[in-house]
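Colleague: Can you keep this structure in mind? I'll have questions shortly.
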Amino acid sequence: IRDRDVAAPRPDTAEYPPVAPPLSWRSVHHPDPLEEPVAPTAQDQSVHNVVIVGSGPAGYTAAIYTARADLSPVLVAGAVTAGGELMNTTEVENFPGFPEGVQGPELMANLEAQARRFNTEVVYDDVVQADLTSNPKVLTLGDGTQLRTHAVILTTGSAYRKLGVPGEERLSGHGVSWCATCDGFFFREQEIAVVGGGDSAMEEALFLTKFASKVTVLVRKDELRASKVMAHRAMENEKIEFRWNTEVTEVTGDDKVNTLRLRDTRTGEASTLDVTGLFVAIGQDPRTDLVQGQVELTEHGTIRIDHPSSRTSQPGVFAAGDVTDHTYRQAITAAGSGCVAAQDVEHYLATVADVEEAAPAGPESDANPA
Ligand code: NDP
């Protein structure tokens, strides 16, 4: 067990500052966890140590770690989408520590409670504008509040592309899924469908053959976009059947999926397919609108980080979770990267504070004895 994993020692002084502490405060002040703190509020005019944007597993893990490091983090959770993708998931069976599984929303509520326990300030609003190049950095919320901060952790996640057809949203979590790793287990010996012709669709289809009795892959063209090796593997699998030039026009079922309405993209001919599950694998879009032009992105549209750290191309700006991850995209990998970002911020703030303390403040400064 590392130092930061054990309970902090009781502090010598217990007076909590009324506003967010300056950088140098960190090294001398240790709040008493047993006292009722007067935490800094997001609305005040002080400069925060760190603001975390996004409230998925990466964001809350970053909050837990930065809060336990006495950095008084502010976490901007989103006005309507707080909790991230897991809020759309039902049972999560692969997050370690929950032998019986846990509901996605319950897991997020637990993560939030844990972050709050160490005095993370959670703000239910959206960041609508970000100036990450200024010093301090300025984040503007939907209600006009401006948060000034030394460091930012971006954990804005990614959004699965949706088909945008009737029934898809309503039956999400009731047969419609965007994650075979998360939900495939629930379709043992059932007939299901996957939409998409890229590597994700092939990977999802192959994974789903472990459970399903039959997987029909619906491809809107007469060719795949997937790499040859993935396409070959999927075509060789006897549980997988391809339907070419086929698009989904509606997902039907009362309280769970039972039939897909399909359309031939060349002839327009309508047909149906009876399945109990539909996995949509038509790509993802990392949520980077807010920071376009201010941090470097990869060719996949994710925020480029300096692996294995969480540093972005902009000093003081860190990123974690799906917004940086094109490959693994799991709740547990996001949580792990949030922990990395928190430690990177801690180190960054300590380094900046050291530099500020060491730097001459001007001709009359004590720090510059001539
Ligand atoms: P892609 O953008 O590569 O493929 C998306 C697929 O979905 C395409 O076949 C596209 O069809 C189809 N599609 C898009 N919109 C619709 C729609 N509305 N209805 C029906 N079909 C639609 O996304 P992926 O997520 O598959 O892959 C993204 C990147 O990740 C790629 O570079 C891929 O190689 C990589 N990847 C690699 C993996 C691996 O190597 N193991 C695993 C997963 C991803 P169309 O072709 O007609 O546009």
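Colleague: Which ³J(HN,Hα) values, rounded to whole Hz and listed in residue order, are derived for the range 274-281 from phi using the Karplus coefficients 6.51, -1.76 and 1.60 in 6.51 cos²θ - 1.76 cosθ + 1.60 with θ = phi - 60°, glycine and proline given as x?
Modeller: 8, 9, 9, x, 10, 9, 9, 10
Colleague: A further question on this structure: May I ask you to evaluate 6.51 cos²θ - 1.76 cosθ + 1.60, the Karplus curve with θ = phi - 60°, for each residue of the range 156-171 and list the ³J(HN,Hα) values in order in whole Hz, giving x for glycine and proline?
Modeller: Along the range 156-171, the couplings run 7, x, 9, 10, 5, 5, 9, 6, x, 10, x, x, 5, 5, 4, 9 Hz.
Colleague: At what distance in nm do the modelled label points of residue 80 and residue 232 sit from each other, each positioned 7 Å from its Cα along Cα→Cβ?
Modeller: Once both label points are built, they end up 4.7 nm from each other.
Colleague: OK, next. Can you list residues whose amide H is under 5 Å from residue 70's amide H, if they're 5+ apart or on another chain and H is modeled 1.01 Å from N?
Modeller: none
Colleague: Report the label-to-label distance for residue 181 and residue 165 in nanometres (one decimal), using points 7 Å from each Cα along the Cα→Cβ vector.
Modeller: 2.6 nm
Colleague: Mean separation of Cα pairs under 8 Å and 6+ residues apart, divided by the residue count of the range 124-223: what relative contact order is that in percent?
Modeller: Once divided by the residue count of the range 124-223, the mean separation gives 17 percent.
Colleague: For residue 214, which aspartates and glutamates qualify as cross-link partners when the Cα separation must be under 17 Å and same-chain residues fewer than eight apart are set aside?
Modeller: 183, 189, 191, 203, 204, 236, 238, 241, 274
Colleague: In nm, what is the difference between 0.36 nm times the number of residues separating residue 269 and residue 306 and their Cα-Cα distance?
Modeller: Additional length available on full extension: 8.3 nm.
Here, each number is a calculation from the coordinates, and none is a lab measurement. Since the structure is predicted, the reported quantities are computational estimates derived from the model, not experimental observations. All Cβ positions, glycine included, derive from the backbone under ideal geometry; neighbour counts span all protein chains shown.
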